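Report on the following structure.
The values are calculated or read from the model by the stated rules, or taken from the named source; none is laboratory data. Computed from a prediction, not measured in an experiment: that's the story for all the values here. With ideal geometry, Cβ positions are generated from the backbone for all residues, glycine too; neighbour counts draw on all protein chains shown. Surface accessibility is based on the protein's heavy atoms, side chains included, excluding ligands, DNA and RNA. Shrake-Rupley method; radii C 1.70, N 1.55, O 1.52, S 1.80 Å.
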Amino acid sequence: MRRPYAARGETAFRWLFWVYCGLVFTFLIAPILAIIPLSFNSGSFLTFPMPGFSLRWYADFFASDRWLAAVKNSMIVGIATTFLATVLGTMASLGLARLRPKLRSVLSAFIIAPIIVPVVITGVGAYFLYAPLRLTNTYLALVLSHTVIAVPFVVLTVSASLQNFDVNLVRAAGSLGAPPLITFRRVILPLILPGVVSGAVFAFATSFDEVVMALFLAGPEQRTLPIQMFNGVREEISPTITAAATLLVILSCMLLITVELLRRRAERMGGQGRVAAE
Amino acid sequence: MPAAPSAPLGGRQLKQRLRRIQRRQALRAFALLAPLMLFLAVNFLLPITLMFVRSVDDPDVRRVLPRTLAAISNWDGLALPSNEAGAALLADLGAVENREDLSRAANRLNYDINGFRSLIFRTARSAGRIDATHAMDALGALDQRWKDIETWGAVKRAAGPTTSFYLLGALDMKKNAGGEIHRVGSERAVFTLVLARTLWISLWVTLLCLLLGYPVAYLLATIPSNVANILMILVLLPFWTSLLVRTTAWVVLLQTDGPVNGALRWVGLIDQPLQLIFNRVGVYIAITHVLLPFMVLPLYSVMKSLGPTTMRAAISLGAHPFTAFLRVYVPQTMPGVFAGTLLVFISAIGYYITPALIGGADDQMLSYFIAFYTNETTNWGLAGALGVVLLMMTAVLYLIYSRLAGGAGPRWA
């Protein structure tokens with residue numbers, strides 16, 4: 001008699017488990033989804049049910065000098081950070097891969113530290129450093145400090161793709177007479193490119209989303225999108241913010257898709273490589 | 001390598017060549033690493049060092065009151081200092097040329113005792129008119145506070161060039177005029193409360209993340225991978241969505257007349273709207289939402305590496321499925337549990353933006369005060385000291401984390 005009883009208990013439990021997980025998934029995704037319809041609201045109160053559909057908040061967004069300047073600033077800082085972080089991070093990953101494991105783990109711990117240390121600390125420190133140099137309220141200060149927290153992601157992703165990398169390919173290229181730079185461009189880079197691009201996307205997302213350091217270092221001229229949103233929520237929450245948020249959700253979807261496609265491609269390539277080796 | 005040697009090399013030559021090549025390899029590795037290392041040394045290590053320096057640096061009073069500090073350097077702090085000290089103070093204040101230096105020193109003393117700033121300016125204005133032979137009496141007549149030992153204690157505490165004032169202050173402690181460390185009165189003891197609150201909020205957020213994240217990670221790891229890949233998007237999309245977007249979304253949703261209250265009222269669970277924002281509830285909800293992916297992803301990666309075999313073995317040996325789950329499966333996931341909880345906890349104790357936007361005045365965490373003392377009151381010493389406290393807590397937790405996770409760093413990417 002014990003088995004059927006246990007089975008029935010199990011079924012009930014499985015149902016409960018699914019419902020519970022469903023609720024957690026709802027919790028994860030609902031706030032992001034809820035903000036999208038609200039941005040198409042024709043009224044100016046952020047409540048359901050909405051009186052009607054309208055694009056007025058998007059028109060508001062694209063007509064506002066403040067929002068557009070914020071987008072421009074975030075793009076400038078984001079692109080510069082991505083470039084700097086990707087170059088520095090990729091070079092460092094190539095260097096790390098050639099080190100003895102012990103030294104490698106010590107140095108990687110140091111490189112990764114900026115994502116463990118609370119941003120407020122790095123931000124305050126950067127403020128103490130840049131303020132006497134009159135670098136606060138400049139793009140440069142934002143790019144330098146954003147690069148500090150973006151670089152670890154580049155090193156993590158590039159190092160991960162270097163782990164599956166077959167060093168014999170470099171030896172083969174060398175033995176065929178290729179100088180190191182050519183070997184890098186024609187052999188190493190194409191193979192680790194998915195990792196490099198993922199790292200670049202991570203770096204861009206990190207900078208584009210960063211607000212704490214920007215609050216310390218940016219002046220009115222460098223006001224980024226996150227600062228604009230932060231001030232917007234603080235002062236008075238207008239529906240234009242929901243339009244901005246929706247645009248940002250679309251952007252993060254695009255970034256997520258890019259990274260996922262790259263990851264799958266890398267997995268497939270890794271898989272094929274392994275089959276070929278066997 | 002250039003043309004291979006035609007004659008076979010001896011063992012010794014071969015070894016030398018190998019060593020040379022290895023040396024060149026190492027050099028190249030360092031050359032590749034050097035730019036980033038240099039960059040991080042200047043833009044990451046140096047700022048943090050400066051924060052430490054700020055937390056103990058105390059140059060301001062020294063610049064303005066050198067004679068006074070010399071006169072009280074051997075003072076025991078048990079009774080009022082001698083007339084010499086008063087005369088030195090008058091001489092110092094009478095000789096100040098740079099108003100900005102005086103203002104800075106006055107601010108520094110004001111951090112210690114409220115109202116000291118006006119006392120300094122008042123005394124400085126009268127300094128020229130007071131007879132130095134009875135300096136202490138005249139100062140006491142000018143302002144009662146100069147008859148208080150602790151006023152002179154504050155001057156001595158600010159003697160510099162380094163001080164423990166800020167670091168002690170960050171822990172609600174203070175040295176008295178006699179040099180003994182004691183706790184400040186409960187009306188001025190803010191930071192232990194803030195510290196406790198920071199840890200408390202982080203603890204609750206971590207528990208909530210574990211409670212919500214564990215079943216979800218288990219589901220994702222055990223269902224067929226094509227379904228899991230789709231459900232994974234529901235975890236990854238929030239992970240990729242801007243923190244500001246998610247916080248804004250919660251502000252909108254949790255408002256008094258917002259959708260959550262609307263839905264609860266519609267279902268009939270409540271009559272009056274609940275206060276869900278600008279209080280602790282909102283902070284718990286929003287931070288948990290932001291950090292939940294950091295719990296799910298490490299748990300998932302550990303669970304994914306566990307096959308169903310051990311559970312099946314336990315069940316086939318007669319264990320109830322629940323017993324098998326609790327006693328066989330859960331212990332195997334402990335590395336993921338530790339990694340996830342510490343990752344969430346470490347992230348949570350540094351939170352600033354989400355509590356600043358969703359919390360009330362009593363829900364602000366340590367980071368808020370660091371930013372506050374940097375930007376609003378420019379008490380950089382205290383900001384630095386609070387930063388040192390936060391960094392130390394993070395460092396200890398991270399050491400535990402890396403010991404338990406056994407790797408060089410987090411592995412969610």
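Quick notes on this structure:
- Computed about its Cα centre, the charge dipole of the range A:2-144 is approximately 760 debye, with only Lys, Arg, Asp and Glu carrying charge at their Cβ.
- Fully extended contour minus Cα-Cα distance, from B:Leu203 to B:Arg129, at 0.36 nm per residue: 20.7 nm
- For the protein assembly as shown, the spread of Cα coordinates along the three principal axes comes to 97, 91, 62 Å, biggest extent given first.
- Heavy-atom surface analysis with a 1.4 Å probe gives the range B:60-159 a carbon and sulfur content of 48 percent of its accessible area.
- Taking the C-alpha atoms of the range B:282-405, convex hull volume expressed per residue in Å³: 115 Å³
- Here the range B:14-110 is treated as an ellipsoid with the same Cα gyration tensor; its semi-axes, largest first and in whole Å, are 56, 16, 11.
- Annotation for the A:B interface, with buried accessible surface near 7900 Å², both sides summed [1.4 Å probe; non-protein components not counted].
- Binned Cα-Cα distances of the range B:316-388, short to long, each 5 Å bin given as a whole percent: 3, 14, 14, 13, 12, 8, 7, 7, 7, 5, 5, 2, 1, 0
- Each part gets one Cα centre, and for the range A:157-192 versus the range B:339-364 those centres are 43 Å apart.
- Electrostatic bookkeeping for B:Ala71 treats Lys and Arg as +1 and Asp and Glu as -1; over the other residues with beta carbon under 15 Å from its beta carbon, the sum is 0.
- Average partner coverage of B:370-382, which counts Cβ from other chains inside 10 Å: 2
- For the range A:195-209, 3J(HN,Hα) per residue [Karplus equation, 6.51 cos²θ - 1.76 cosθ + 1.60, θ = phi - 60°, Hz, x = Gly/Pro]: x, 5, 5, 4, x, 4, 5, 4, 4, 4, 4, 4, 5, 5, 9
- Largest mean-square fluctuation among A:Ile192, A:Ile227, A:Ile182, in a Gaussian network model of chain A whose springs join Cα atoms under 10 Å apart, belongs to A:Ile182.
- On Cα atoms only, tilt of B:334-349 relative to the major axis of chain B in degrees: 30 degrees
- Averaged over peptide A:219-231, the number of partner chain Cβ atoms lying within 10 Å of each residue's Cβ comes to 2.
- Note on the range B:191-405: Kirkwood hydrodynamic radius from all Cα pairs is 19.3 Å, rounded to one decimal.
- Note that the range B:60-159, at 10 °C in a medium of 1.306 mPa s, gets a Stokes-Einstein diffusion coefficient of 122 µm²/s from its Kirkwood radius over C-alpha pairs.
- Per residue, chain A exposes an accessible area of 49 Å² to a 1.4 Å probe, with every protein chain left in place.
- Each residue of the range B:263-271 is assigned a 3J(HN,Hα), and the resulting list reads 5, 5, 6, 5, 5, x, 6, 9, 9 Hz, derived from the Karplus form 6.51 cos²θ - 1.76 cosθ + 1.60 (θ = phi - 60°), x at Gly and Pro.
- Formal net charge of residues neighbouring B:Ala361 (Cβ-Cβ distance under 12 Å; K, R +1; D, E -1): 0
- Hydrodynamic estimate: the Kirkwood radius of chain B over Cα pairs, inserted into Stokes-Einstein at 25 °C and 0.890 mPa s, corresponds to D of 91 µm²/s.
- Within-11-Å neighbourhood charge of A:Ile149 [Cβ basis; K, R +1; D, E -1]: -2
- Placing pseudo-labels 7 Å out from each Cα toward the beta carbon at A:Leu23 and A:Thr47 gives an inter-label distance of 2.6 nm.
- Each peptide in A:26-37, B:12-23 gets a packing score, the mean of other Cβ atoms within 10 Å over its residues, and the list from highest to lowest is A:26-37, B:12-23.
- With all protein chains kept in place, the per residue accessible area of the range B:191-405 amounts to 40 square angstrom at a probe of 1.4 angstrom.
- Remark: the protein assembly as shown carries a charge dipole of roughly 3360 debye about the Cα centre, counting +1 on each Lys and Arg Cβ and -1 on each Asp and Glu Cβ.
- If you take the Cα centroid of the range A:124-149 and the Cα centroid of the range B:133-164, the two points sit 39 Å apart.
- Considering only B:Thr248, B:Thr341, B:Thr206, the Gaussian network model of chain B with Cα springs below 10 Å gives its largest mean-square fluctuation to B:Thr248.
- Per-residue HN-Hα couplings for the range B:321-333 [Karplus 6.51, -1.76, 1.60; θ = phi - 60°; Hz; x = Gly/Pro]: x, 5, 4, 4, 4, 5, 9, 10, 6, 4, x, 5, 8
- Across peptide A:123-135, the average count of Cβ atoms from other chains found within 10 Å of a residue's Cβ is 6.
- Ratio Rg/Rh, restricted to the range A:56-277 and using Cα atoms, in which Rh is the Kirkwood radius: 1.05
- Note on chain A: with a GNM built from Cα contacts shorter than 10 Å, the maximum mean-square fluctuation among A:Thr47, A:Thr246, A:Thr138 falls on A:Thr47.
- A cut-off of 5 Å between modelled amide H atoms, ignoring neighbours fewer than 5 places along the same chain, links A:Asn41 with A:Ser54.
- The share of accessible area on the range A:79-194 that comes from carbon and sulfur is 67 percent, using a 1.4 angstrom probe.
- The charge dipole of chain B, taken about its Cα centre with unit charges on the Cβ atoms of Lys, Arg (+1), Asp and Glu (-1) only, comes to about 2380 debye.
- Gyration tensor verdict on the range A:1-112 (Cα atoms; rounded if a/c is under 1.5, prolate if a/b is larger than b/c, oblate otherwise): oblate
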